[in-house]
Amino acid sequence: MPGKVTLVGAGPGDSGLLTVKGLRALEQAEVVVYDRLVSPAVLELIPSAARRIDVGKEASHHPVPQDRINQILLEEAQAGHNVVRLKGGDPFVFGRGGEELETLARGGVEFAEVPGVTSAIAAAAYGGIPVTHRDYASSLHIVTGHAREGAELDIDFEALVRTRGTLVFLMGVTALPAIVKGLLEAGMNPDTPAAMVERGTLPGQRRCGASLKALPERAAEMGIRSPALIIVGGVCALAEELCWFERLPLHGKRILVTRPRERAGTLSEKLRALGAEVTEFPCIRTEPVSPCPAMEDTLGRLLEYEWLGFTSAAGVDAFWTCLRALGKDARALGGVKLAAIGPATGKALEAHGLTADLIPEVYDAAHMGAALAKAAKGKILLLRAEEGSPALTDALAEAGIVFDDVPVYRTIYDNPRSAELRKALESGEFDFVTFTSASTVKGLVSAVGAEADFSRIVGLCIGEQTAGEARKHGIPVKIAEKATIDALVELAAK
Ligand code: SAH
């Protein structure tokens, strides 16, 4: 089978701005060739089975020259692979996408192009600048500020000034003084509103606004660096009022999420939606106890129990897998009542068409124990972690309730030591670290070493028990009002 190359615009950085068609192409890719401008968030969407080739270009030196990139695309396709060529923004807006396709066309390779959201429009938009507006501009001009080595800028400034439209310069950070000089000499009003948007649409986005004449000085003060847009025109005056992205409550905050990989998604998404820069570090994982004769035995005589208690989604998963393996389904539960420690565990039950009859008011082991002790008349079966909290079983024992406590999954701390993460934590690179259980604290500590200095992080803890574990290691803590992901997110945004 002959291969194929799909040139895909990755958008300006925010992975939500990758097109649906681009994402589908990426999901089918066997080989992905990508640039420096493609953001980590988009790179995360590359399937793990695909081979990645980084041809990222640095501003001054070019590790992989364009000719070689063209060659790589040709060779990979000719070897029969389904290749995606990922490029920042739109591939045809100063992306040399045309040159790459010419090579493929001449080499007789099948190709397609998926346009992307260009930074020229999107980074401006995230900076609160609509590139056109009936009151300010009736045309938009996208210009490169990059000059060929040793050459002067080749821009017809007089023609640009005459358009009275919005001017957007890409690759213009180095040439900023020359661009401003060119516009002023061509007669543009020195008080024309202007702006720069650095790392637009990304969590670390910064904007700098000034009059045209003051822009170079202002940009230098802020230390604006590539990648950044230069935007010139009346529309820039709207930014102060419209800069919605910078106003998100977690804009500019860096947060480390330590949940197990399969459960990190919702927390990370919610934090990102509020503007945070999230790094996921799944420092624990759970593994079902398998084989689990104790669970098989109790599931064989489920109807002996009045209540079945779950303290996590992992417990529900282990239960369901075992039930199915025994050839049974939800009917095996008959009238057995279900208790869940909190809404997330309740939701895990809902996924199997089961509704929790009891969720304690406060989502922790002690309150679940107290609530069950009050509600139960018969026997209780607890399906939970190997090292489940004694607060639950103590409450039941005290009330004289009969129960079986069956460990159905265990927490594994098998992270390789990360010196890099330790350095990041010790140097205060993260504003917050989220802890959704005491075991995530233990997992992080095991990954960076107990001797590390944790005093510069703030641990956002889901509850008292988790906070207690964090304090043991000298981690300053804040505790969520309720033991839910939403409350944890609220705590971050407070
Ligand atoms: N094809 C890309 C542009 C490539 S040229 C696109 O359509 O967006 C590279 C230039 O794009 C950078 O020098 C910078 O001016 C601009 N750029 C790319 N990503 C950016 C971002 N996230 N924020 C601001 N400018 C960006």
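Derivation of every value follows stated rules applied to the coordinates shown; laboratory data play no part. If you're wondering where the values come from, they're calculated on a predicted model, not measured in any experiment. Please note: Cβ atoms are built from the backbone with ideal geometry, for glycine as well, and neighbour counts cover all protein chains shown.
If each Cα of segment 288-411 is one equal point scatterer, what is log10 of I(q)/I(0) from the Debye formula at q = 0.20, 0.21, 0.22 Å⁻¹?
-1.13, -1.26, -1.40
Just how large is the dipole of segment 4-116 about the Cα centre, in debye to the nearest 20, putting +1 at every Lys and Arg Cβ and -1 at every Asp and Glu Cβ?
On the way: 12 positive and 16 negative charges, 11 e Å.
Roughly 60 debye, rounded to the nearest 20.
To the nearest Å, what is the center-to-center distance of segment 157-209 and segment 245-287, using C-alpha atoms only?
Cα centroid of segment 157-209 versus Cα centroid of segment 245-287: 34 Å apart.
Quick one: order TRP244, TRP320, TRP307 by neighbouring beta-carbon count within 10 Å, fewest to most.
So the residues, fewest neighbours to most, are TRP244, TRP320, TRP307.
Write out the trypsin sites (Lys or Arg not before Pro) in segment 387-437 meeting two conditions: DSSP loop, and at most 11 other Cβ atoms within 10 Å of their Cβ. Display every interim value, and only then the final one.
Values: sites: ARG410, ARG417, ARG422, LYS423; in loops: ARG417.
In loop regions of segment 387-437 (DSSP not H, G, I, E or B), the sparsely surrounded trypsin sites (Lys or Arg not before Pro) are ARG417.
Using Cα-Cα distances under 8 Å and only pairs 6 or more residues apart, what relative contact order does the chain have, in percent?
10 percent
Quick check for me: using +1 on Lys/Arg Cβ and -1 on Asp/Glu Cβ, what's the dipole size of the chain about its Cα centre, in debye to the nearest 20?
I would put it at about 280 debye.
Would segment 121-247 count as rounded, prolate or oblate if I go by the C-alpha gyration tensor, calling it rounded below 1.5 in a/c and otherwise prolate when a/b exceeds b/c, oblate otherwise?
On the way: a/c = 1.64, a/b = 1.19, b/c = 1.37.
Judged from the Cα gyration tensor, segment 121-247 comes out oblate (a/c at least 1.5, b/c at or above a/b).
Defining a contact as two alpha carbons under 8 Å apart and six or more residues distant in sequence, what relative contact order in percent does segment 4-116 show?
Details: 223 pairs, mean separation 47.5, N = 113.
Contact order relative to length: 42 percent.
Could you work out the helix-only [θ] at 222 nm for the chain, with each DSSP H run of four or more residues adding -39,500 (n - 2.57) and the total divided by the number of residues, to the nearest 500 deg cm²/dmol?
After summing the helix terms and dividing by residue count, I get -10000 deg cm²/dmol.
Compute the Cα gyration tensor for segment 4-116, then decide on rounded, prolate or oblate, letting a ≥ b ≥ c be the square roots of its eigenvalues: rounded whenever a/c is under 1.5, prolate when a/b is larger than b/c in the other cases, and oblate in all that remain.
Rounded, since a/c falls under 1.5.
Please say if the chain is rounded, prolate or oblate, where rounded means a/c under 1.5 for a ≥ b ≥ c the square roots of the C-alpha gyration tensor eigenvalues, and otherwise the choice is prolate for a/b larger than b/c and oblate otherwise?
It comes out prolate by the Cα gyration axes.
What's the whole-number percent of alpha carbon pairs in segment 365-491 lying beyond 16 angstrom?
On the way: 5359 of 8001 pairs.
Cα-Cα pairs of segment 365-491 separated by over 16 Å account for 67 percent.
Return the whole-Å distance between the Cα centroid of segment 383-440 and the Cα centroid of segment 58-129.
Between the Cα centres of segment 383-440 and segment 58-129 lies a distance of 45 Å.
Loop-only check: which GluC sites (Glu not before Pro) in segment 89-162 are DSSP coil with at most 11 other Cβ within 10 angstrom?
Listed in order of number, the matching sites are GLU149, GLU152.
Within segment 235-318, report the trypsin sites (Lys or Arg not before Pro) that DSSP leaves as loop and that have at most 10 other Cβ atoms within 10 Å.
ARG247, ARG301
Rank the residues LYS4, LYS374, LYS181 as a footprinting-exposure proxy: fewest other Cβ atoms within 10 Å of their Cβ go first.
Details: LYS4 18, LYS374 12, LYS181 15.
Arranged by neighbour count, lowest to highest, LYS4, LYS374, LYS181 become LYS374, LYS181, LYS4.
What is the pair-distance distribution P(r) of segment 212-292, computed from all Cα-Cα distances in 5 Å bins starting at 0, with each bin given as a whole percent?
3, 11, 13, 14, 15, 11, 10, 8, 6, 4, 2, 2, 1, 1, 0
What is the order of MET295, MET222, fewest Cβ neighbours within 10 Å to most?
MET222, MET295
For segment 253-322, report the convex hull volume of the alpha-carbon atoms normalised per residue, in Å³, without decimals.
Hull volume normalised by residue count: 98 Å³.
Would you mind calculating the relative contact order of segment 1-45 from Cα pairs under 8 angstrom and at least 6 residues apart, reporting the percent as a whole number?
Worked out over segment 1-45, it gives 44 percent.
With only alpha-carbon pairs counted, each pair once and no self-pairs, how large is the Kirkwood hydrodynamic radius of segment 152-214 in angstroms?
Evaluated over segment 152-214, this radius sits at 12.6 Å.
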